[in-house]
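In what follows, a single structure is set out as structure tokens and then discussed.
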Amino acid sequence: MFEKSIKAYEIAKEYIPGGVDSPVRAFKSVGGTPVFIEKGEGAYLYDIDGNRYIDYVQSWGPLIFGHADGDTLEAVFETAKKGLSFGAPTQLETELAKEIVELFDSIDKIRFVNSGTEAVMSAIRLARGYTNRDDIIKFEGCYHGHSDSLLVQAGSGAVTFGNPSSPGVPKDLTKHTLLAKYNDIESVKKCFEDSNNVACVIIEPIAGNMGLVPADEKFLAELRELCDKNGALLIFDEVMSGFRASLKGAQGLVDIKPDIVTLGKVIGGGMPVGAFGGKKEIMDMLSPDGPIYQAGTLSGNPVAMAAGLVTIKKLKKNPEIYIELEKRAKKLVNGLKEAADENNIPLQIDVRGSMFGFFFNEKEVKNFDDALNSDTKKFAKFHQEMLKRGVYFACSQFETGFISTPIIDELIEETIEKAKEVFEVIANR
Ligand code: KE4
């Protein structure tokens, strides 16, 4: 079933560390060989062995209209014919910026970069420069890309200052990153007691990197108040939830306004795009008008802008898409839950717009400690068995799934039928 992928993986590992260009793709937490993809079409991925999968990863979120969307490809082809990149301003950047600014009350101005990591790294520098403070607060279990200040794990004991979570990240840097517990406002207050030098708090308002764990609205409101009280900026990292949880991401679901927003994934329509935006008085601190430096050779390149523009315009023209995608997401997770219940397998499920998650866990998951109590062995078995049956879920318990427009009810029903088989296999092991 996977012969060619197995061979391709061996060869890839000779030239690329771990055989992949991003670690999660290596299937380390679910076992087996990552399947090498030949092509994507609508709801489906096709691997080099000719297997077809219903794809609930959708490139980790960007492809809200599915693989090889006709409108997006046409925009890319037409724009590419005029040149791939100029390193000079184009009106496409202004057009996409305008589409996003008009949607978000919290964004007066926005700058494009090439990844979510770059967006967050730049937003952190902007917050530090604007407040003239060095410390930041992040939450255990939230992932914001791989810039040094954010590769931090909880320090020992009660201290809130973080330690590097990866070699190569200087302790001198991570001592400026304090860690709080998601959905726990007391832990944030503790961080503000431990530092009077906090530039910003950064949070995924709907966490998608510990599995799907939405923040309680009350918690976000208290977070907003705490930031105001302490003169710190609030950054919503909506790289994943932006245009996925709703047309306005988490900000379309809760009435809390951040000072800076980071975006990515869907705004590139499958091409490399990240962005960070916020109030004019903050954003105007950026070079060339302001003193805070940030730059990028391919930032705002016309081909990526064209892909993002056609995607955002289509979403804005059809906002009812989100109601439909949420219905399908709920149909999927409710079907999984029913099948798991029939086999006495504990499963926690949740949905936010087109995002869905499920934990092999006895209790509701409210933070990273809860998430870590999940049965990752059961998850791995589920992933492997579903893959063999032509269903491609995220290859880690600590990720989120996505419904895109070509994933229609019939495919969700097919997925649920296959999950029933797999839960029986798991229950009878
Ligand atoms: P990128 O640098 O990978 O484009 O974005 C980093 C990032 C920032 N903020 C949030 C909330 C994110 O979810 C991400 C990236 N998400 C992961 C998926 N869990 C990307 C997949 C990967 O690492 O390969």
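Only one of (1) open to solvent by 20 Å² or more (accessible area, probe 1.4 Å); (2) under 26 Å from residue 216 (Cα atoms) is not met by residue 410, so which one is it? The failed condition is (2). Before we move on, is residue 115 within 16 Å of the ligand (Cβ to nearest atom), assigned by TED's automatic domain parsing to the domain that holds residue 208 and at pLDDT 95 or above? The answer is yes for residue 115. Scanning segment 338-382 for residues that are among the basic types (Lys, Arg) and either touching a residue at least 60 places away in the same chain (Cβ under 8 Å) or open to solvent by 60 Å² or more (accessible area, probe 1.4 Å) (or both) returns 352, 363, 366, 377.
Residue 255 meets the conditions (1) open to solvent by 60 Å² or more (accessible area, probe 1.4 Å); (2) outside any loop (DSSP other than H, G, I, E, B) in every case but one. The failed one is (2).
Specify the residue that is most open to solvent (accessible area, probe 1.4 Å); the eligible residues are those in segment 170-189 that are in a helix (DSSP H, G or I) and among the polar types (S, T, N, Q). Spell out the reasoning first.
Just the residues of segment 170-189 that are in a helix (DSSP H, G or I), to begin with: 171-174, 185-189.
With the extra rule that they be among the polar types (S, T, N, Q), the set shrinks to 174, 187.
On the way: 174: 0, 187: 23 Å².
Going through the qualifying residues, I end up with 187.
Taking into account only those residues within segment 140-161 that are away from the ligand (no atom under 16 Å from the Cβ) and either more than 26 Å from residue 218 (Cα to Cα) or modelled with pLDDT of 95 or more (or both), which is least open to solvent (accessible area, probe 1.4 Å)? The extreme case among them is 155.
Name the single residue, out of those in segment 195-208 being touching a residue at least 40 places away in the same chain (Cβ under 8 Å) and either farther than 17 Å from residue 149 by Cα or among the β-branched types (Val, Ile, Thr) (or both), that is farthest from the ligand (Cβ to nearest atom).
Pass one, segment 195-208, residues touching a residue at least 40 places away in the same chain (Cβ under 8 Å): 195, 197-208.
Then keep just the ones that are either farther than 17 Å from residue 149 by Cα or among the β-branched types (Val, Ile, Thr) (or both); that gives 198, 201-203, 205-208.
Values: 198: 20, 201: 15, 202: 9, 203: 10, 205: 10, 206: 9, 207: 8, 208: 6 Å.
My answer is 198.
Here's a check for you: in segment 54-75, which residue that is farther than 16 Å from residue 265 by Cα and touching a helix residue (DSSP H, G or I) at 6+ places or on another chain (Cβ under 7 Å) is least open to solvent (accessible area, probe 1.4 Å)? My answer is 54. Put simply, of 192, 236 the only residue that is within 11 Å of the ligand (Cβ to nearest atom), at pLDDT 95 or above, in the same structural domain as residue 123 (by TED's automatic domain parsing) and outside any loop (DSSP other than H, G, I, E, B) is 236. With respect to the stated conditions, residue 217 fails to be within 16 Å of the ligand (Cβ to nearest atom) and charged (D, E, K, R). For segment 310-321, the count of residues that are in a helix (DSSP H, G or I), surrounded by 23 or more Cβ atoms within 10 Å (Cβ to Cβ) and within 16 Å of the ligand (Cβ to nearest atom) is nonzero.
Among the residues of segment 391-429, those identified as over 15 Å from residue 358 (Cβ atoms) and assigned to a helix (DSSP H, G or I) are 409, 410, 411, 413, 414, 417, 421, 424, 425, 427.
Is there any pair linking a residue in segment 383-396 that is of a type in the set (Asp, Glu) to one that is more than 16 Å from the ligand (Cβ to nearest atom), with Cβ under 6 Å and at least six apart or on different chains, and which? From segment 383-396, the pairs are 385/422; 385/425. Against the test of being among the acidic types (Asp, Glu), more than 16 Å from the ligand (Cβ to nearest atom) and in contact (Cβ under 8 Å) with a residue 12 or more places away in the chain, the options 284, 228 yield a single qualifying residue, 284.
One line per residue, one yes/no per condition, for (1) among the polar types (S, T, N, Q); (2) open to solvent by 10 Å² or more (accessible area, probe 1.4 Å); (3) more than 11 Å from the chain's Cα centre (by Cα):
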| site | (1), (2), (3) |
| --- | --- |
| 233 | no, yes, yes |
| 240 | no, yes, no |
| 244 | no, no, no |
| 247 | no, yes, yes |
| 250 | no, no, yes |
| 261 | no, no, yes |
| 264 | no, no, no |
| 271 | no, yes, yes |
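For segment 261-272, a residue qualifies if it is near the ligand (Cβ under 9 Å from one of its atoms) and either among the hydrophobic types (A, V, I, L, M, F, W, C) or assigned to a loop (DSSP other than H, G, I, E, B) (or both), and exactly one does: 272. Among the conditions (1) away from the ligand (no atom under 16 Å from the Cβ); (2) surrounded by 19 or more Cβ atoms within 10 Å (Cβ to Cβ); (3) free of Cβ contacts under 8 Å to residues at least 60 places away in the same chain, the only one that residue 167 does not satisfy is (2). Can you pull out every residue in segment 1-47 that is touching a residue at least 24 places away in the same chain (Cβ under 8 Å), touching a helix residue (DSSP H, G or I) at 6+ places or on another chain (Cβ under 9 Å) and open to solvent by 50 Å² or more (accessible area, probe 1.4 Å)? Matches in segment 1-47: 1, 25, 29, 32, 36. Checked against the criteria, residue 103 does not count as open to solvent by less than 50 Å² (accessible area, probe 1.4 Å) and within 16 Å of the ligand (Cβ to nearest atom).
The values are calculated or read from the model by the stated rules, or taken from the named source; none is laboratory data. None of these values were measured; they are calculated from a predicted model. Methodologically, a virtual Cβ is constructed for each residue, glycine included, from the backbone with ideal geometry; neighbour enumeration extends over all protein chains shown. Each accessible area value is taken on the protein alone, full model and side chains, heavy atoms only, with ligands, DNA and RNA left out. Shrake-Rupley method; radii C 1.70, N 1.55, O 1.52, S 1.80 Å.
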